[in-house]
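Below is one structure; the comments refer to it alone.
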2 protein chains.
Amino acid sequence: MDLRLVSRLLGFVALFVGVAMAFSTPWALPPFGAAKRFETHGFFGLLGAIAVSLGTAAVLWRLGRGNKGKLYRKEAIAVVGLSWVLATILGAIPYLLSGTARGLDENGAPVRMNVADAIFEAQAGFSTTGSTVLTDLELPDLDDPERIPLVPRSILFWRASTQFLGGLGIIVLFVAVLGQGSAGKALMRTEMTGPTKEGTTARMQHTAQVFAGIYTGLNVALIALLLVQGVSLFDSLCHAFTTLSTGGFSTYNDSVGHFSSANGYNAPMIELTFIVFMILGGTNFALLYFVVVGQPRRLLANVEWRVYLAILFVATIVVAIAGRLTNDFDSTTESIRYSAFNVISVMTTTGFVTHDFNAWNNFARGTLFVLMFIGACAGSTAGGVKVIRPILLMKILWLEIEHAYRPSVVRPLRIGGEAVQDPDLRKNILLYFCLVLVIVVLAWLATIALEPDATWHKAELSSDHKLMDCAGAVAATMNTIGPGLGIVGATRTYADFTSASKLIFAFLMLVGRLELFAVLVLFMPRFWMKR
Amino acid sequence: MDLRLVSRLLGFVALFVGVAMAFSTPWALPPFGAAKRFETHGFFGLLGAIAVSLGTAAVLWRLGRGNKGKLYRKEAIAVVGLSWVLATILGAIPYLLSGTARGLDENGAPVRMNVADAIFEAQAGFSTTGSTVLTDLELPDLDDPERIPLVPRSILFWRASTQFLGGLGIIVLFVAVLGQGSAGKALMRTEMTGPTKEGTTARMQHTAQVFAGIYTGLNVALIALLLVQGVSLFDSLCHAFTTLSTGGFSTYNDSVGHFSSANGYNAPMIELTFIVFMILGGTNFALLYFVVVGQPRRLLANVEWRVYLAILFVATIVVAIAGRLTNDFDSTTESIRYSAFNVISVMTTTGFVTHDFNAWNNFARGTLFVLMFIGACAGSTAGGVKVIRPILLMKILWLEIEHAYRPSVVRPLRIGGEAVQDPDLRKNILLYFCLVLVIVVLAWLATIALEPDATWHKAELSSDHKLMDCAGAVAATMNTIGPGLGIVGATRTYADFTSASKLIFAFLMLVGRLELFAVLVLFMPRFWMKR
C-alpha cells in the first residue's frame, strides 16, 4: 500500500472541499438576497472551515511527498473510501463553527449541533442521502426583532452544496473513472490490478469531464426552469443541487411542499419539473451521454431504464389506488399527484416530500419501504441496490430453481436478449444482496439495542413502533433516501436519536453510498498491510 | 416425468396418513382418560377422514399401475413436495368433519373451522410449525353441564400426531433418504440424476430405519420423563410428539406454561426437561446417531452444534439482562428461567411458550425475530435457515470482501479447519439467503395488501403494528416457529386473519419446511414436461 500516494490524493479532496466552501460565503451577505442581515456566525464559521480544509490539504499534500505515483487497485479503493470520510469530517466543521441550532429545547432556547449531529448532517450531504437533524430550517432568530432565520442561509447553501459535490463525486469517481456506467458495477468492473495505462487514463479523464459536464448542465437547466417559475435564485440553486444528486435537502421545513399554490406558486408544474429531474438524476449517466451525442435509442432500449420507469409507474398507480380507497387523499387527482411525486422521490432516493407519506395506509408504507431498497439505475447518483440487481436476482433465482431439478442444464444469464459473459456475475449479484441483508440486520439490532424507548416517548410516540421505525431509519440511510417511516417519517427528523445511533446512521449512509465493498475493506487489517 | 410412479408413492403417503389417524380414535373414548364422555364428533370425524384417506390411497395406487419403478431426481422432488401437500389436505379433514370450533363469536356461539382454518392447522402440524387458529383449546362445551371440552381430545391428539408424523417425515425423507444429514443440504447433495442403485437403496433404507428409531426412542424417553413428573399419559404423548418434532402444539391455552407450580407441577424441572429435548430436536440426527453408536465426540466436535449451543447461550443471557433491566421479569432467577425456555423454544423453532415474550422489551423482541430466521441445526426437525448457513455466509462474506481488493487471491472456504471441496457451495449458500429474502419480501407485501386494518381493530390493537406484525407472522410460519410477534404473539393465535392470509401462511410453512426448492419447482411449468 502506497500510503503516500493515498495521502496526496486525499490532499486534493481537502483542497476541493475548501474551495467549494468558498462558494457558500457570499450567501451570508444581504446583497445576494438570501440573508436579511450579515450572517456573522455563518460567514466566519465557513471561513474557519475553509482554513481548516486548506490546512489539511497542505498537510496531506506534504505527507504525500515521495509517492511512486502508480495507482493500484488497493490505493484506488482506499482513496475512494477515505475521501468520503475526509469530506464528511471537513464538511461538518461549518455546522460546528457557526453554532447552528438543531432546534429549541423545552425552555425555547436554541440547541447547538454537537459533533455527532454535524457528522450526520455532513454525511447526509456528501452521501446524497438528505436525512437531517435540523428540526426547523425556518426558525426565526429569537433575539432578533426582524425575525432573521436562526439557521444561517449561508450554512443552508453549504448543506445543499455538499449534495451537489457528493453527486459529482459519484458521477466522476464511480461512473466515469471506475467505469461502472454502462450497466452497473456488477457488469463492468475495471481491473485496477496494474498501474493505469496512458491511454486508459486519457479516456477516463475525457469520460469524467463529459459526465461532469452533463451533471452540471442538468443542474443549470433545472435552475433556469425553477427561476422561470418564480423560485428565488437561492432556492433554485439549493434545490437543483439536491435534485440531480438525488439528495433531497430542502431549504424549507415543508420540503418541496413549500412551493404550494397557497404560497403563490404553480405547484403542480413545479412538482412536475422536480419529477422529471429526479427521474433524470436516477438515470444512468452513460445513457444520458448517448442522448447528448444524438443516440437517444440507447437510453430508450435500455432494459434497466425501462424497468425503472415501469416500477415507478406501477408503484404510483398502486399507491394512488390504495391511498384513494383508504381516504389518504381527498380526490383522485390528488391521489395521483401526491403518489407520483413521493413514490418517485423515494425510489430515486431523493427524499423530497409533498405529502406526509408516513401517514398513508400500511400497504403504501410497506411499498415505499421496499422501493427504498430497490433505488434507481446503476451509474446514476441514486442509492439503493439499483434496479439492475433485482432484475438479475429474479433471473438468477429462476434459472437456479430449474437447475435444482436439472443439474445438467446450465443456461446463460440474459439481459435484454444478450447472454452475459462474466462468469462471476451470478455470485456477485447474490453476494451483494446477502451483504445488504447482513448489514441491515446488524444495524437494525444495534439501533434497537442502543436507542432507548425514551426517544419515542419524548417524541410523543408509542415505543411499540420502535422495531419498524428502526428498520425504516436503517433503510432510509443505507439506501440514501433521507426520511424514513415513523419517528423519522416524512414530517420528522433524526434529531431525537442519540449520538450513537446518529453515528451508526452516518456509517450506513457511507456504506450504502459507496456500494459496501469500498468501505468495508477499510476495516480489514489485512487491507492495510504491505503487499 | 413418470407420473404413475409419483402417483403410486403418494398412494403410500395417503395410506400412511389414514393408518396414523386410527391411533387418534381411542382418545375419543372415556376409558382412555382424555375424554370425559364419548366424543361423537371427534370419533366419527376421524373415521370419515380415515375412509377418505384410504380411498385416496386406493385411487392413487390404482393410477400408479404400469409405472417404470425407476426413481429419478425429478420424481423424487415431486414426491417429496406433493406428499406434504397431500398429507395436509387429508390431515385437514378430521378438523372439518368433526366440526371443531375455532372459538366463539360475539354472541358466544362456537365458530366452526372453515376450509382455510383446517388447511392452516393441518399444515402447521405436518410442517411442525405449531401456529394455530384455535383460540381456546380448553373451551368447555356450552351445552354440557359437566363442562366437556368443545375441542375434542381425539382431535387434539390428531393435531399433535401430525407434528410427530411431520418430524418423522423430515428425518426419514430429508435426512436419511436424501442424505442431508451430516452437514446440511448444502454440503451433501445426493445426486439422484440416475436410477438409484441397489446398494444405495439398501444403505438408505438402513439409515432411515436407524434415524426413525432414534426419533421414536427420544419420543419414548420424553414421554417417560413427563409421566414420572406427574403429566397425564395424554398430555405426555401430545407434548413429546410436538417437542422432538420442534412443532410446538400444546393441549393447553397456556402452552407449557400450564405445567406451573400453581397447577401442582415441579415447573422448573418440567421446563428443563422440555429444554433438553427441544435442543435435541434441533440437533443433527446424524450426530445423534454417532452418540448412539458410542462416538459422542463426533457430536461435541461438530462446529454447527457448538455454534448452535453458543448462540442459545448468548441469546439467553442477553435477553435475560435486557429483560431484567427493563423490568420484564420480577427477579434475576425468573429472567434466566423464562429467557432460556422461550429463547430456546423460538430458536429451535418449537414455539412453546412459558412467558408472553411479545410483551418483552423491543430489543428482546428484535433478537427473537432474528433467531427465528437462524433456526437450529441442519439434519434436524427444526426450521429456519439452519445454523450452518449463517456460519458459512459470514465466512463467505469475509473472504469476498478480501477478494474485492485482491482479485488474484482465492482462499478455500473452511469449516472446522477443513477446506470444503464443493465448488458450488458458495453460490448455493448465497442463493439460499437471496431466495429467503425474496420470498419474505413478497409474502410480507402480499399479507399487508390482503389483510385489512380491521383485523387489528377487531383484536383491539392499533393497526400501526401491521407492518411489524405481518413481518413477524411471515417469519414465524416460514421458519416453522408458530407464534410470532404482536397480533400473532405468544398469547395469541392466527384466528383473526382472513382466509387469504391463512393460505399464504400455509404456503410459507410448506416452503420453509421443505427448504424452498422442493416446493418452488412444482410451480414451474417446465418441471412437469416430459424430458
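Please get the size of the charge dipole for the protein assembly as shown, origin at its Cα centre, with Cβ charges of +1 on Lys and Arg and -1 on Asp and Glu, quoted in debye to the nearest 20.
5120
Set Lys and Arg Cβ to +1 and Asp and Glu Cβ to -1, take the dipole of the stretch B:322-447 about its Cα centre, and tell me which of B:ALA322, B:GLY383, B:PHE352 lies farthest positive.
B:GLY383
Give me the base-10 log of I(q)/I(0) for the stretch A:481-531 at each q in 0.14, 0.17, 0.19, 0.25 Å⁻¹, Debye formula, one uniform scatterer per Cα, rounded to two decimals.
Each listed q corresponds, in turn, to -0.50, -0.64, -0.73, -0.97.
Measuring nothing but label to label, 7 Å from Cα along Cα→Cβ, what are B:MET524's distances to the other copies in nm, shortest first?
Relative to the other copies, B:MET524 has label-point distances of 3.3 nm.
Just which residues of the stretch A:354-373 lose 20 Å² or more accessible area with every protein chain there, against their chain alone, with the probe set to 1.4 Å?
A:ASN362, A:PHE363, A:ARG365, A:GLY366, A:VAL370
Counting only residues 5 or more places away or on other chains, whose amide H sits under 5 Å from the amide H of A:GLU138 once H atoms are built in the peptide plane?
A:ASN253
What does the charge add up to near A:ARG306, with Lys and Arg as +1, Asp and Glu as -1, over the other residues with Cβ less than 14 Å from its Cβ?
Every neighbour counted, the sum reads +1.
For the stretch B:374-461, what is the charge dipole size about the Cα centre, in debye to the nearest 20, if Lys and Arg each add +1 at the Cβ and Asp and Glu each add -1 at the Cβ?
380
Which shape class applies to the stretch A:3-199: rounded if a/c is under 1.5, otherwise prolate when a/b exceeds b/c and oblate if not, where a ≥ b ≥ c are the square roots of the Cα gyration tensor eigenvalues?
Prolate is the answer for the stretch A:3-199, as a/c is 1.5 or above and a/b outweighs b/c.
With a 1.4 Å probe and all protein chains kept in place, how do B:ASP235, A:ASP453, B:ASP254 rank by accessible area, largest first?
Largest accessible area first, the residues go B:ASP254, A:ASP453, B:ASP235.
Give me the orientation-averaged projected area of the Cα convex hull of the protein assembly as shown, in nm², one decimal.
45.1
Take every Cα pair under 8 Å in chain B that's 6+ residues apart, average their separations, divide by the length, and report that relative contact order as a whole percent.
It rounds to 16 percent for chain B.
At what distance in nm do the modelled label points of B:MET269 and B:ALA500 sit from each other, each positioned 7 Å from its Cα along Cα→Cβ?
5.2
Measuring label to label, 7 Å along Cα→Cβ, what does B:VAL59 give against each other copy in nm, shortest first?
Reported distances to equivalent positions: 8.2 nm.
Quick one: Cα centre-to-centre distance for the stretch A:49-80 and the stretch A:279-327, in angstrom?
39
Whole number in Å², please: accessible area per residue of the protein assembly as shown, 1.4 Å probe, ligands, DNA and RNA not counted.
Each residue of the protein assembly as shown exposes 38 Å² on average to a 1.4 Å probe.
Averaged across A:442-451, how many Cβ atoms of other chains sit within 10 Å of each residue's Cβ atom?
Mean partner shielding for this stretch: 3.
Between B:SER462 and B:LEU450, 0.36 nm times their residue separation minus their Cα-Cα distance comes to what?
Length gained between B:SER462 and B:LEU450: 2.6 nm.
Greater than 19 Å separation of Cα atoms is the criterion. Which listed pairs, A:LYS386/B:LYS386; A:LYS395/B:LYS386; B:LYS458/B:LYS502; B:LYS70/B:LYS427; A:LYS466/B:LYS386; A:LYS427/B:LYS395, meet it?
Listed pairs above 19 Å: A:LYS386/B:LYS386; A:LYS395/B:LYS386; B:LYS70/B:LYS427; A:LYS466/B:LYS386.
What order do B:LEU445, B:LEU233 take when sorted by accessible area (1.4 Å probe), most exposed first?
My answer, sorted largest first, is B:LEU233, B:LEU445.
Is the stretch B:32-100 rounded, prolate or oblate when judged by the Cα gyration tensor, a ≥ b ≥ c being the square roots of its eigenvalues, rounded requiring a/c under 1.5 and prolate requiring a/b larger than b/c?
prolate
Between B:SER261 and the same site in the other copies, what are the distances in nm, shortest first, taking label points 7 Å from Cα along the C-beta direction?
Listed shortest first, these distances are 7.0 nm.
Cα centroids of the stretch A:435-478 and the stretch A:202-244: how far apart, whole angstrom?
Value for the Cα centre distance between the two parts: 35 Å.
Decide, for the stretch B:277-425, between rounded, prolate and oblate: order the square roots of the alpha carbon gyration tensor eigenvalues as a ≥ b ≥ c, take rounded if a/c falls under 1.5, and otherwise choose prolate if a/b is larger than b/c, else oblate.
Oblate shape, in that a/c is at least 1.5 and b/c is the bigger or equal ratio.
Chains A and B: what accessible area do they bury, summed, in square angstrom to the nearest 100, with a 1.4 Å probe?
5100
So if we plug the beta-carbon distance of A:LYS68 and B:PHE523 into 1/(1 + (r/R0)^6) with R0 = 56 Å, what FRET efficiency do we get, rounded to 0.05?
After rounding to 0.05, the efficiency reads 0.45.
Go through A:THR207, B:ALA419, A:ILE77 and say which Cα lies farthest out towards the positive end of the charge dipole of the protein assembly as shown; charges sit on Cβ, +1 for Lys and Arg, -1 for Asp and Glu.
Comparing the listed Cα positions along the dipole, B:ALA419 ranks first.
Just how far, in whole angstrom, is the stretch A:344-421 from the stretch A:115-167 if you go by their alpha carbon centroids?
32
For B:ILE415, what residues show an amide H to amide H distance below 5 Å, using hydrogens built from the backbone and excluding near sequence neighbours?
B:VAL420
Quick one, could you list the DSSP H helices from chain A stretching 20 Å or more along their long axis (Cα atoms) with average Kyte-Doolittle hydropathy of 0.0 or above?
A:3-22, A:40-63, A:73-97, A:153-169, A:198-228, A:267-281, A:303-325, A:332-347, A:388-405, A:425-450, A:499-513
Which one, A:LEU450, B:PRO110, A:LEU10, projects farthest toward the positive side of the charge dipole computed for the protein assembly as shown from Cβ point charges (K/R +1, D/E -1)?
Selected residue: A:LEU10.
Taking each residue of B:392-405 in turn, how many C-beta atoms of other protein chains fall within 10 Å of its C-beta, and what is the average?
6
Ignoring ligands, DNA and RNA, what percent of the 1.4 Å accessible area of chain B is carbon and sulfur?
Roughly 64 percent, rounded to a whole number.
Leaving ligands, DNA and RNA out of it, rank B:THR40, B:THR56 by accessible area with a 1.4 Å probe, largest first.
Listed by decreasing accessible area, they come as B:THR40, B:THR56.
First select every other residue whose beta carbon is under 12 angstrom from the beta carbon of B:PRO149; then total the charges, Lys and Arg +1, Asp and Glu -1.
Net local charge, B:PRO149 excluded: -2.
The values are calculated or read from the model by the stated rules, or taken from the named source; none is laboratory data. What you see is a predicted model, and the numbers here were worked out from it, not measured in a lab. Methodologically, a virtual Cβ is constructed for each residue, glycine included, from the backbone with ideal geometry; neighbour enumeration extends over all protein chains shown. Surface areas here come from the heavy atoms of the whole protein model, side chains and all, with no ligands, DNA or RNA. Shrake-Rupley method; radii C 1.70, N 1.55, O 1.52, S 1.80 Å.
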